[in-house]
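Report on one structure; see the data block that follows.
Just so it is clear, none of the values below were taken in a lab; they were calculated from the coordinates. This is a predicted model, so every value here is computed, not measured. Neighbour counts run over all protein chains shown; Cβ positions are idealised from the backbone, glycine included.
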Amino acid sequence: MNFFTAFYLVMFFFGLFFLFIFMILHYRNKDKLYSYPKPKIIPSVSIIVPAYNEENNIAATLNALINLEYPAGKKEIIVVDDESTDKTLEIAKKFAEKYSAIKLIHKKNSGKADSVNVGIKRAKGELIAVVDADSYPNKDALLKMIGYFDEVGVAAVTSRVLVKNKENWLTKFQVMDYSIIAWTRKLLDFIDSVYVTNGPISVYRKDVLLEIGGFDKKNLTEDIEVTWNILSRGYKTRMSYSAIVYTTVPEKFTVWVKQRIRWNLGGIQTIWKYWKSIINSPNYIFGRFVIPYVTTSFILALIGLFLVIRSIWITGSYHLYSLYYAFSGYSLFKYADFNFSISLLFIFAVIFLVCGIWYYKVGFKNSETGKKGIFSILAYSFIYRAFYVIPLVLAIYKMVRGDLRWYTK
Amino acid sequence: MVHKIIQSRFNVFLEAFLMAASIFIIAFALGLYIESSRTNNIINNYKTYEIQGLDFKLQSYYFQTMTASTCDLAVKHNFEFADQVYSSAIDLERAEGANQITDDLILEKQRHTLLRTELWLNTLQLKSKCGYPFDTVVYFYYGDPRTNKAVSEQKIISNVLKEVKERFGNKMILIPIAGDFNLDSVNLQMESYNVTQLPAVLINEKTVLYGFHSAEEIESYVGR
């Protein structure tokens, strides 16, 4: 058997394995997707909003936070301005003057993670909610999250992120993307494997954040890193599928690429930092499943990318060489030459395609988007998901060059 | 309690693994079955051609005493056999492109190469004994091309030769022979006609054309 055929088969196997994990989890827990525990007591919450150049979004975010349903006196909002060069500070000041629950910290630019850490030090609440300055939680989001903290060992709870701006083809694809991400994350919750507490809104136990030393300033995806840090120490993370937060997603392809480069780089940084937890961590599921799963996803993406490049190279060079003959009036293809023979990889591709459509159909049906047709699913899978390779390649290139700047803004 | 939770989680992974493994095995077995059927089909076809090849060998004993009428019949059969062998070559190439598990076809390709060489030798004998005015075009190519350039070039040459064959019909025999399988009989023939590189087209055992040539160029050597 050809070496590359074996490569494809390994990819198919892992792809099917992960797909079935999610499908089994879904069918076993589909009635529990939207349920969440009612809190026995309402703890005090400090909502930290790290902000850098968010003049277009911060007002709406602060309005959403002011309107969050939560007992008076148990909620404080701390805006940490990271030396914005636009009107973010000015807008936040006006809110702080108007609402006593809002406190404003202005500091020298040092990145999002440090901004959150500064906010934690000033926070008085038992719980710390971190909210991105371009995100807008639903009124009941916080109340639908805090009940999870009644369970022993739960240190962080995250929410379902949905897209606010559905302006163009890119943002519409991201609506589908975020829906699938949220659905799979909720499914992972059923096996204690929520490995990202997303930036738009996640709530943490303050004592645990202090114990782990806060957010890692060097990591490009501090929300992934902090979650892995929490999990590696044996704590649990949860996701409330009913707690909804809307976020602004990139509308331009270049901005989307930059955001995904950061996600990829941060992911690789985090894997690199915690790979020893595969053996060392007291959290069995984190060490034996989460890390291998995320790592394998990266490796499979890289192998897939390599195979795609190889395939393009082979086909491309074949046609390039044939150009000479085409100019001489000879066609490389003739209708009579068309031939279709079923091959092993074709069988696997069909199986994977059918399973993939089933997976996405179920995923979309149980998400914000609702039922999606085959055409939409195919467009999402083969057009949007194909773009994933661009930031992945650029992230690896930047990683090799040691270029680890903040890319989103 | 903890044990139960771990146990249930483990079950999810085990169940997913078993499901993935089951589908993987079924798909693999199906692929293997299809490939084997394809290979068996080619082997069975080869057996038919092999009998015809033996028949040709026997005919060579009668070449000494052949009359004009038996010559006509032999030439007719030779053309029919050549056409069958040519279409089997195409089937073989297609099957090789689709088979991804087994390497059985390499051996088949070698057997077919020998069969085609035998066809060529019989054709030569028939040509000399019967003095029948038809052209022989032997296409020596890489049976296992290593570069995309070679694949691309051979594909075009093959198309050009097919075009020429269609134009000349029963006045020309086209025999494709893989020249890189290190088969002594093929090497000897290539040596005796000074074919030193691949791909090459040998026309009427006289002219050797290397690489790509247009249909018009090839036709200018055919029918001389």
Checklist line | For A:Lys75, residues with placed amide H under 5 Å, excluding near neighbours | finding: A:Val45
Notebook entry, point to check: In debye, nearest 20: dipole of the stretch A:159-316 around its Cα centre with unit charges on the Cβ of K, R (+) and D, E (-)?
Noted result: 100
Note to self: Tell me the relative contact order for chain A as a rounded percent, counting alpha carbon contacts under 8 Å between residues six or more apart.
What the structure shows: 18
Next item on the list: With a Förster radius of 22 Å, plug the Cβ-Cβ distance of A:Glu90 and A:Asn67 into 1/(1 + (r/R0)^6) and report the FRET value to the nearest 0.05.
Entry: 0.50
Note to self: Given the options A:Leu323, A:Ala64, A:Thr171, identify the residue whose Cα lies farthest towards the positive end of the charge dipole of the protein assembly as shown (+1 on Cβ of Lys, Arg; -1 on Cβ of Asp, Glu).
What the structure shows: A:Ala64
Notebook entry, point to check: With a ≥ b ≥ c the root eigenvalues of the C-alpha gyration tensor of the stretch A:161-210, is it rounded (a/c under 1.5), prolate (a/b larger than b/c) or oblate?
Noted result: oblate
Margin query: So if I take the centroid of the Cα atoms in the stretch A:132-149 and the same for the stretch A:298-328, what is the distance between those two points in Å?
Written below: 47
Margin query: Under a Cβ-only charge scheme (Lys and Arg +1, Asp and Glu -1), can you give me the dipole magnitude of the protein assembly as shown about the Cα centre, in debye to the nearest 20?
Written below: 2800
Notebook entry, point to check: Taking +1 at the Cβ of each Lys and Arg and -1 at the Cβ of each Asp and Glu, which of B:Val164, A:Ile299, B:Tyr46 sits farthest along the dipole of the protein assembly as shown towards its positive end, judged by Cα position relative to the Cα centre?
Noted result: A:Ile299
Check: Using a Förster distance of 60 Å, how high is the FRET efficiency between B:Asp180 and A:Asn29, based on the Cβ-Cβ distance and rounded to 0.05?
Finding: 0.50
Notebook entry, point to check: How far is helix A:112-122 tilted, in degrees, relative to the longest principal axis of the Cα atoms in chain A, given as a value from 0 to 90 rounded to the nearest 10?
Noted result: 20
Check: Cα axis of helix A:253-274 to longest principal axis of chain A: angle in degrees, 0 to 90, nearest 10?
Finding: 80
Notebook entry, point to check: Farthest toward the dipole's positive end in the protein assembly as shown, which of B:Pro133, A:Ser115, A:Ser277, given Cβ charges of +1 (Lys, Arg) and -1 (Asp, Glu) about the Cα centre?
Noted result: A:Ser115
Item checked: Rough spin-label spacing in nm, given labels placed 7 Å along Cα→Cβ, for A:Phe7 and B:Leu107 -> 2.9
Next item on the list: Would you mind ranking A:Trp272, A:Trp256 by Cβ crowding within 10 Å, fewest neighbours first?
Entry: A:Trp272, A:Trp256
Margin query: Starting from the 7 Å offset along Cα-to-Cβ, what nm value, one decimal, do you get for the label separation of A:Lys74 and B:Ser220?
Written below: 9.6
Notebook entry, point to check: Where a ≥ b ≥ c are the square roots of the eigenvalues of the C-alpha gyration tensor, would you call the stretch A:169-261 rounded, which needs a/c under 1.5, or, failing that, prolate if a/b is larger than b/c, or oblate?
Noted result: oblate
Check: Given labels modelled 7 Å from the Cα in the Cβ direction, how far is it in nm from A:Lys38 to A:Tyr384?
Finding: 3.7
Next item on the list: Decide, for the stretch A:39-251, between rounded, prolate and oblate: order the square roots of the alpha carbon gyration tensor eigenvalues as a ≥ b ≥ c, take rounded if a/c falls under 1.5, and otherwise choose prolate if a/b is larger than b/c, else oblate.
Entry: rounded
Notebook entry, point to check: If you find the alpha carbon centre of the stretch B:148-208 and of the stretch A:8-63, how far apart are they in angstrom?
Noted result: 64
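Please work out the FRET efficiency for the pair A:Ser110 and A:Ile312, using the Cβ-Cβ distance as r and a Förster radius of 41 Å; give the result to the nearest 0.05.
Rounded to the nearest 0.05, the efficiency is 0.45.
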